[in-house]
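The values are calculated or read from the model by the stated rules, or taken from the named source; none is laboratory data. Being a predicted model, the structure only gives us computed values, none of them experimental. Using ideal geometry, Cβ is built from the backbone for each residue, glycine included, and neighbour counts are taken over all protein chains shown. These accessible areas exclude ligands, DNA and RNA; they are computed on the full protein's heavy atoms, side chains included. Shrake-Rupley method; radii C 1.70, N 1.55, O 1.52, S 1.80 Å.
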Amino acid sequence: MIPYATAAEAEAALGRAMTWAEAAWYQYSAAMADSWLHCHTTFILFVIYTITPLPLVVLEQFAPSVVLPYKLQPRVRLPLAASLRCYMEAACFFPLAVGFQLVSYPVAVKILRTRMGLPLPSVREAVAQLVVYSLLEDYLSYWIHRLLHTQWGYEKIHRVHHEFTAPTGFAMSYSHWAENLLLSIPALSGPVIVPCHITTQWLWFSIRLIEGINTHSGYHFPFSPSKLIPFYGGAAYHDYHHYAGGRSQSNFAPLFTYCDYIYRTDKGYRYHKLKQAKLKSLEENNVEKKGGTTAFDNGKD
């Protein structure tokens with residue numbers, strides 16, 4: 001709750017006029033309890049999780065010719081009922097998260113030290129924090145993911161997430177409750193170490209969820225961020241991890257690929273890519289001999 005009765009008082013405290021964003025923030029949050037602003041995180045993530053995977057799910061079911069050329073495992077078609085089951089079982093955690101956030105708020109506010117009021121963070125500050133959060137979360141998640149691929153971790157916890165060997169966007173949050181809890185630690189570590197404004201926190205968790213939905217989408221499009229962002233694995237990188245399943249000892253990194261490269265846990269994927277390249281070369285040679293064409297490329301590059 002912003003401790004100013006009027007916008008004029010807020011501007012006097014700032015020593016300047018509010019920006020349009022700060023004026024909008026004041027109007028929205030001035031009379032709202034900080035605990036409810038804190039719970040907005042879950043509401044925002046629920047909306048994103050519900051909406052973002054839908055276009056590809058709908059297109060695959062009702063207009064497959066549009067998207068199947070870019071599907072990483074085109075022979076696997078997930079029934080609509082399976083996608084809905086995946087969504088419903090994962091979505092049930094969101095109401096529980098709201099309750100947990102309300103109960104834990106007195107402790108969370110001391111640990112996170114999240115700012116709720118004015119001023120809003122600058123673009124430079126928010127970007128710098130997001131970069132730190134991404135690198136830290138990626139490194140910690142890498143090691144937790146490796147632990148989940150030990151025999152005990154996989155059989156007791158992680159196997160639930162790997163039920164989908166050809167993942168869909170909804171599979172991003174389809175996990176054992178213990179895995180969801182464990183992986184929340186890396187995501188929260190950045191905001192704990194480098195406290196931020198609540199709006200930056202919303203942005204951070206939103207970006208992370210959208211990125212996770214993308215890597216679990218099962219599709220690799222020409223405009224994939226992996227072609228633009230250095231060391232970003234993308235859908236093709238993580239799809240192989242699901243394809244290999246429980247035996248996979250490759251591609252543990254959730255976002256970037258540097259940890260897999262440093263710790264040599266990308267060998268399986270490199271071999272897979274090399275094998276794909278050889279098969280593609282053989283197919284192209286056969287086509288040249290026959291004087292025809294083919295649509296071999298199924299989205300992997």
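Numerical summary
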read-out: Solvent-accessible area, 1.4 Å probe, carbon plus sulfur percent, for the chain; value: 68 percent
read-out: Residue range of the chain that is longest and free of trypsin sites (Lys or Arg not before Pro) which are both DSSP loop and sparsely packed (at most 10 other C-beta within 10 Å); value: 76-263
read-out: Cβ charges +1 (Lys, Arg) and -1 (Asp, Glu), total dipole of the stretch 33-278, debye; value: 660 debye
read-out: Structure-based [θ]222 nm, the chain - -39500 (n - 2.57) summed over DSSP H runs of at least 4, per residue, nearest 500; value: -20000 deg cm²/dmol
read-out: Most fluctuating residue given options GLU11, GLU137, GLU163, as computed from a GNM of the chain linking Cα atoms under 10 Å; value: GLU11
read-out: 5 angstrom amide H check on HIS197, placed H, neighbours 5+ away; value: ARG115
read-out: Cα-based shape type of the stretch 144-217, given that a ≥ b ≥ c are square roots of the gyration tensor eigenvalues and the cut on a/c is 1.5; value: oblate
read-out: Using alpha-carbon coordinates, inclination of helix 267-290 to the longest axis of the chain, degrees; value: 50 degrees
read-out: Residue-by-residue Karplus 3J(HN,Hα) for the stretch 198-212, coefficients 6.51, -1.76, 1.60, Hz, glycine and proline x; value: 4, 5, 5, 5, 4, 5, 4, 5, 5, 4, 5, 5, 4, 5, x
read-out: Å² of accessible area per residue within the stretch 33-278, as computed with a 1.4 Å probe and no ligands counted; value: 50 Å²
read-out: Rounded to 10°, Cα long-axis angle of helix 234-244 versus longest principal axis of the chain; value: 60 degrees
read-out: In degrees, nearest ten, helix 20-29 long axis to first principal axis of the chain (Cα); value: 80 degrees
read-out: Projected label distance in nm at LEU80 and PHE231, using a 7 Å step from Cα toward the beta-carbon; value: 4.3 nm
read-out: Label of the coordinate-derived value, semi-axes √(5λ) of the Cα gyration tensor in Å, listed as [x] 40, 21, 19; [y] 33, 25, 20; [z] 29, 28, 19; value: [x]
read-out: Relative contact order (%) - the chain, alpha-carbon pairs under 8 angstrom, separation at least six; value: 23 percent
